[in-house]
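FYI, it's all coordinate maths here, none of it is from the lab. Everything numeric here is computed off the predicted structure, so don't read it as measured data. Methodologically, a virtual Cβ is constructed for each residue, glycine included, from the backbone with ideal geometry; neighbour enumeration extends over all protein chains shown.
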Amino acid sequence: MKNKEEASAEQQITPIAGRLKNHTNARVGLRRSGISISTDELLKFQLDFARARDAVQREIDETDVFQKLQAIDRRALLVYSAASSLQMYLQRPDLGRILSVESEAQLRAHSPEKSDICIVLTGGLSSAAIHQAFPLIERLAAALQGEGTTVAPLVLAHRGRVAIGDPIGALLKAQLSLVLVGERPGMSSSNSLGAYLTYAPQPGKTDESRNCLSNIREGGLSVDEAVFTLLWLIRESTRLKLSGVQLKDRSRESLTLIDGAKPIADE
């Protein structure tokens with residue numbers, strides 16, 4: 001039987017945890033059995049851990065993903081990083097940031113015309129995040145083209161990291177690169193997509209020169225919200241000719257809605 005002090009503490013914690021659980025998938029307010037968490041919470045933890053592990057260790061089906069990308073843009077290109085295996089990709093992050101010799105030659109031979117932006121998709125550290133990208137790419141590309149923005153062929157970069165957008169953007173002669181990448185899984189989300197925007201992409205760029213949108217997924221940042229914010233960042237980056245820490249996200253202050261995308265609601 002609980003003493004008065006224990007019961008009082010639980011009464012104080014439970015309402016707060018209950019309100020928090022309405023706004024997050026984080027592990028707060030876990031049900032307990034005595035001093036231990038309940039069996040159903042333990043099983044959920046084990047399931048989430050397995051999903052996170054699978055997201056990292058399972059490679060994307062590059063053929064299937066590339067076909068879906070071609071359905072959006074028949075000019076789509078498939079390239080590979082310098083990481084020749086999943087094990088090497090996980091152990092050598094630097095190899096995921098550069099193109100393989102063959103892929104670099106492929107893009108050089110492509111001889112593209114200059115474009116305003118190139119969009120690169122890569123599995124990153126979550127193969128489960130890929131399905132979040134297709135509706136975002138489709139809507140974003142359509143909105144950009146509707147504004148007169150020239151979009152380079154869509155690119156699938158197999159085993160790529162964020163910085164692989166730098167050599168790709170440079171070789172495709174793009175003013176901006178946008179990399180959509182599977183994020184490192186958390187224990188409450190194994191399928192989050194990240195979006196990284198870089199002005200004047202070139203090999204050697206570092207992370208302070210990028211703008212990042214994170215946690216794009218159901219239950220996180222919605223596709224509508226991501227499209228709205230990315231359009232704003234792309235316009236401002238093009239206008240100011242910069243990105244990263246010098247470009248502050250003030251998209252909430254914008255009243256212009258593009259293609260039905262809605263700004264992020266205030267808390």
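Of note:
- Highest-fluctuation residue, Asp40, Asp61, Asp249 considered, GNM on the chain with Cα pairs under 10 Å: Asp40
- For log10 I(q)/I(0) by the Debye sum over Cα atoms at q = 0.11, 0.12, 0.13, 0.15 Å⁻¹, calculated from these coordinates, the label among [x] -0.58, -0.70, -0.82, -1.09; [y] -0.66, -0.75, -0.85, -1.07; [z] -0.66, -0.79, -0.92, -1.18: [y]
- 26 Å Cα-Cα threshold exceeded, pairs from Lys205/Lys248; Lys21/Lys68; Lys68/Lys248; Lys44/Lys68: Lys21/Lys68; Lys68/Lys248; Lys44/Lys68
- Each DSSP beta bridge with both residues in the chain is either parallel or antiparallel, and the antiparallel ones are about 50%.
- Note on the chain: with charges restricted to the Cβ of Lys and Arg (+1) and Asp and Glu (-1), its dipole about the Cα centre is near 280 debye.
- Gaussian network model of the chain, Cα within-10 Å springs - most flexible of Gly34, Gly182, Gly220: Gly34
- Order by protection proxy (mean Cβ within 10 Å, highest first), peptides 71-77, 140-146: 140-146, 71-77
- Footprinting exposure proxy ranking of Ser81, Ser251, fewest other C-beta atoms within 10 angstrom first, gives Ser251, Ser81.
- If R0 is taken as 22 Å, the Cβ-Cβ distance between Gln106 and Gln202 corresponds to a FRET efficiency of 0.70.
- Per-residue Cβ neighbour rank within 10 angstrom, fewest leading, Thr198, Thr149, Thr206: Thr206, Thr149, Thr198
- Whole-Å distance, taken between Cα centres, linking the range 110-172 and the range 213-228: 17 Å
- Dipole of the chain, positive direction: furthest Cα of Thr198, Leu140, Gly29, with charges on the beta-carbon: Gly29
- A crude spin-label estimate for the pair Lys248 and Arg75, with each label 7 Å from Cα along the Cβ direction, gives 3.6 nm.
- Segment Leu20..Leu86, full-extension length gain: 20.0 nm, with 0.36 nm per residue of separation and the alpha-carbon distance subtracted.
- Only DSSP H runs of four or more residues enter the estimate; each adds -39500 (n - 2.57), and after division by the residues of the chain the mean residue ellipticity at 222 nm equals -12500 deg cm²/dmol.
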